[in-house]
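Just so it is clear, none of the values below were taken in a lab; they were calculated from the coordinates. On a predicted model such as this, the values are computed, not experimentally measured, just so you know. Positions of Cβ are generated from backbone atoms using ideal geometry, with glycine treated the same way; all protein chains shown enter the neighbour counts.
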């Protein structure tokens, strides 16, 4: 029975029909995109899976942008070109550069200067999210990007839940079989493909690291990120990442 | 004779053409023998082509430019001078031929001249000398005529050193002309070629979908023309003649040379989608600014990147969706002003240098600021000089919370030397920055603007 299962998996892989095939077998190195963070890569089994949609989720100040920039930086170090669909135009190029992102290899698609911070929460960002989803579809169709990241971190959870369930499925299909890693950043889990991973981050009052005793001598030193990797079959366990300024 | 027609005739038969006045043209027909046969056959072909265009011409083919030029002035019809016979064939021409030639070069006569290079060494001397006969040389003609010299042959036979003693360098130059020798090689003129296609429509076109077919009809031949010349489109100008007799013009600049009609059509349509014409279209004209075509050598060792054509199309589509200046690569600016950057066109490179970020090289995670592009106005309660409570309006998540930990203030200012300190300016800044951890778990950067005495939230560490 086990032999038959292996043969069946091999047959599906040979015909490139393994897009939804879930297996505990480690993926070949060329199908993985390391994040550049040893601890995270260990939990991911080597890196994010190429041709699949993964996600980085967590609340505010949980380290989502830091992990995303690490992923982008690792990709640009490998010589790949990357795309960031910045739904609410919140990417800081100075921080990105400090995190190691080669900005000349980054296609930065800035959302319209939305009124997200001045309009009532109900109407906030719906149009911006729609535009970002469309833009990510165009980038995925263009191909040859190492990472295509969609930053929905500031989007209200209600607005994300209103999206049709096929939205992220379409994105996953657009990159299926390609060398592209799709990454969605958001406040809550949205959708990933079969071999995609969810990097779930958690924030707490004590995640920030400071040095110095008094407020005038105190300096912000970094974040201690509480993370967990979720995938279809592999149970995730919590681990810590240290973001140091 | 029409100068343009003469030039067109010349360019149709040789890529190396040199103009002498408005009615005298030199062509380099060297190497055309395999195509059109003997020199005489080439000459006959040229005369036939000129007759078809209703041009009355004299044709001379010689091993040197000067012999060919003199032959057109001294003889009618077709003259073919074999290499080495130049001096002998022009020796019978009277000295007045030189004046005729000078007149033809300065004004214009009905003359067409061909030259055939005798040997490659002929064209290596005196390249800087003027193309036409020098006035100083022509001024020596009356002197020579007073000596009893009447033909070019008699002038050519005079002893050169004696001629130099009496007339100087001009005399030697005059004798070289009389022998039919060249003082400089043929310098072909670069043809200014226009890459333009126009189509006039029988019925006005309204809407982009029918316009796509029309664009295909003008862009296909345009790209073929460009391809034949080994160039591509660097900038494309589209001119639409509208039924209202107005003209709708758009210019598209591409980050890389493009020569694919389908890509060009898509880019033009996407641009017109953003900037549609105000009325129906009567005529479509496309003009291309040519740039050298791209030659790519792909490598198995380098990672593939999107092609320039694909990136151009993608950026055009994204621009339609997100707006102008919303897509590209960010570039840092050499300033301490917070949040300043530049947007540059996204041009992927196949292989680049490693990133200079030190943190990424050591695989250390760096906290990143999520910046509010327009700082959010905040209300901050301050006690003993420290922020105690932060809240914003209902816009940004209705954020409010007690400050758990804070660090600051970090004072930063700049460009204050350009304005008076009493008034705020977009170019100058003066602020006290704080890093604050709020009770909701968020970590923010807030600042107090010293000009307006107001608090703002700049971003969130995430």
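Note on residue A:202/residue B:332: beta-carbon distance plugged into 1/(1 + (r/R0)^6) with R0 of 35 Å gives a FRET efficiency of 0.60. Here the relative contact order of chain B, from alpha carbon pairs under 8 Å that lie six or more residues apart, stands at 10 percent. The angle separating the long axis of helix B:3-13 from the principal Cα axis of greatest extent in chain B is about 90 degrees.
Take every pair of alpha-carbon atoms less than 8 Å apart whose residues are at least six positions apart; their mean separation over the length of segment B:253-326 yields a relative contact order of 57 percent.
Remark: mean inter-chain Cβ contacts per residue of B:404-412 equal 4, using a 10 Å Cβ-Cβ cutoff to other protein chain atoms.
Between residue B:162 and residue B:320, the simple label model (points 7 Å from Cα in the Cβ direction) yields a spacing of 8.5 nm. Calculate how steeply helix B:39-52 sits against the longest principal axis of the alpha-carbon atoms of chain B, using the helix alpha-carbon long axis, and give the answer as 0 to 90 degrees to the nearest 10. Once rounded, the angle reads 70 degrees. Distance from the alpha carbon centroid of segment B:169-237 to that of segment B:281-324 works out to 23 angstrom. Packing-based ranking of B:318-326, A:53-61, B:31-39 yields A:53-61, B:318-326, B:31-39, ordered from highest to lowest mean Cβ neighbour count within 10 Å.
If R0 is taken as 51 Å, the Cβ-Cβ distance between residue A:130 and residue B:194 corresponds to a FRET efficiency of 0.70. Put in order of Cβ neighbour count within 10 Å, fewest first, the listed residues B:16, A:78 become A:78, B:16.
Highest mean first, what order results for A:82-90, B:246-254 on Cβ atoms within 10 Å? Intermediate results must be reported in sequence, preceding the final value.
Details: A:82-90: 26.0, B:246-254: 14.4.
Ranked from most to least packed, the peptides come out as A:82-90, B:246-254.
Take the Kirkwood radius over Cα pairs of chain B, plug it into Stokes-Einstein at 10 °C and 1.306 mPa s, and you get 53 µm²/s for translational diffusion.
Using alpha carbons only, how many angstrom separate the centre of segment B:15-58 from the centre of segment B:64-86? About 13 Å separates the Cα centre of segment B:15-58 from the one of segment B:64-86. For chain B, the longest principal axis of the alpha carbon atoms and the long axis of helix B:96-106 meet at an angle near 20°.
Relative contact order of chain A: 25 percent, from C-alpha pairs under 8 Å at least 6 residues apart in sequence. What residues from segment B:19-62 fall in the zone where the backbone N is under 14 Å from a label point 7 Å along the Cα-to-C-beta line of residue B:106? The answer is B:21-22.
Can you say what percent of the DSSP beta bridges in chain A, counting only those with both residues inside, are antiparallel? Round to 5.
Expressed as a percentage, antiparallel bridges in chain A total about 45.
Each of the peptides A:183-194, B:157-168 was scored by the mean count of other Cβ atoms within 10 Å over its residues; in descending order, highest first, they stand as A:183-194, B:157-168. Placing a pseudo-label 7 Å from each Cα along the Cα-to-Cβ vector at residue B:237 and residue B:220 gives an inter-label distance of 2.6 nm. The Rg/Rh ratio of chain A, with both radii computed over alpha carbons and Rh defined as the Kirkwood radius, is 0.99.
DSSP finds beta bridges in chain B, and of those with both partners inside it, around 90 percent are antiparallel.
Take every DSSP beta bridge with both residues inside the protein assembly as shown and express the antiparallel ones as a percent of the total, to the nearest 5.
Of the beta bridges lying entirely in the protein assembly as shown, close to 75 percent run antiparallel.
Working from the Cα coordinates of segment B:198-282, the gyration tensor eigenvalues give, after taking √(5λ), semi-axes of 23, 14, 11 Å in decreasing order.
Return A:109, B:42 ranked ascending by Cβ neighbour count within 10 Å, so the fewest neighbours appear first.
B:42, A:109
Shielding value for B:373-384 is 2, the average number of Cβ atoms from other chains within 10 Å of each residue's Cβ.
The mean number of Cβ atoms from other chains found within 10 Å of a Cβ in peptide A:148-157 is 1, as a whole number. Per the Debye calculation on the protein assembly as shown with a single equal scatterer at every Cα and no solvent contribution, log₁₀ I(q)/I(0) for q = 0.08 Å⁻¹ amounts to -0.78. Based on the convex hull around the alpha carbon atoms, segment A:165-223 presents an average projected area of 6.2 nm².
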